[in-house]
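The values are calculated or read from the model by the stated rules, or taken from the named source; none is laboratory data. Everything quoted here is computed from the prediction, not taken from an experiment. Neighbour counts run over all protein chains shown; Cβ positions are idealised from the backbone, glycine included.
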Amino acid sequence: MNHQKRNECIQKHFSEILKIASSKGIEYSNSTEDANRNFYKLGEELGLDPKQVLWVYAQKHNQSISQYIRTGETQSNETIQSRIYDAILYHFILLSLIEDENSKK
């Protein structure tokens, strides 16, 4: 695959990630005001930093991806692409938590 084809591939998949962020974001945060509310709320309940909460959620997807890399198959109805999209999205959400944290300093 040349660089142009790879960039086209990334652009196509990035569009899918944005759709997921839009569709799941409000539902998961349970808020139209604070997109990261669920990470802060659960963090407070458990005495964890919101980034730690996020990392626990992200590991589910990373473990599934790791399993796929080892075996070439997934164990659920969810496609490997969907798991990868979710893992990437969690990294973007982590960036948003870091920016939010820095803005409060």
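State whether the residues of region 48-68 include one that is under 13 Å from the mean Cα position of the chain (by Cα), not in a helix (DSSP H, G or I) and not acidic (Asp, Glu). Looking through region 48-68, none of the residues is under 13 Å from the mean Cα position of the chain (by Cα), not in a helix (DSSP H, G or I) and not acidic (Asp, Glu). Among the numbered conditions (1) under 18 Å from the mean Cα position of the chain (by Cα); (2) assigned to a helix (DSSP H, G or I), the only one that residue 34 does not meet is (2). Of all residues in region 74-105, those satisfying the criterion of being more than 16 Å from the chain's Cα centre (by Cα), modelled with pLDDT under 90 and loosely packed, with under 15 Cβ neighbours inside 10 Å are 75, 76, 77, 104, 105.
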